[in-house]
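Undergrad: My questions will all concern the structure given below.
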Amino acid sequence: MILFKSKRFLKKVALPKAWSYNIGLLFLRFNCALMLFHGWSKFNNFAKDSAEWPDPFNLGSTFSYSFTVFCELVCTLFLVFGLFTRFALFPLIVLLLVIVLFIHEGEPNVIKLRKNHKLFF
């Protein structure tokens, strides 16, 4: 027996409604916009904070700080406006993985699940 042979069922239940999909995207974009506050404060304090920024890969603290500001300002703006979302997410994912796995490694809010796996919450 075929359970979902009716196109009417697919239109009503299985496919997302246009308004709920758009409201969900709007909610996610507003939440992404909250990261702009972090990026803007880092951008304003670039001169004094860039020398003290952590450098996990020995690329220079200025480069690491610039990458962080780029991710939190430019990539977040692209996400908020819906431009180049896949390309904008890659630097943000890299930044957040570096933060979780290297910068906040020994802090108490990092839970070690197995040998090398960590969960940040």
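The values are calculated or read from the model by the stated rules, or taken from the named source; none is laboratory data. Not measured: the values here are computed from a predicted model. Neighbour counts run over all protein chains shown; Cβ positions are idealised from the backbone, glycine included.
Undergrad: What do you reckon, is Ser20 loosely packed, with under 15 Cβ neighbours inside 10 Å, hydroxyl-bearing (Ser, Thr, Tyr) and in a helix (DSSP H, G or I)?
TA: Working: loosely packed, with under 15 Cβ neighbours inside 10 Å: yes; hydroxyl-bearing (Ser, Thr, Tyr): yes; in a helix (DSSP H, G or I): yes.
Yes.
Undergrad: Please find, within the range 38-91, the residue that is farthest from Ile103 (Cα to Cα) out of those that are in contact (Cβ under 8 Å) with a residue 40 or more places away in the chain and surrounded by 15 or more Cβ atoms within 10 Å (Cβ to Cβ).
TA: Val80
Undergrad: Looking for whichever is modelled with pLDDT of 85 or more and within 11 Å of the chain's Cα centre (by Cα) here; the options are Ala33, Ala88. Which one fits? Outline the logic, then answer.
TA: On the way: Ala33 fails: modelled with pLDDT of 85 or more.
Exactly one of Ala33, Ala88 is modelled with pLDDT of 85 or more and within 11 Å of the chain's Cα centre (by Cα), namely Ala88.
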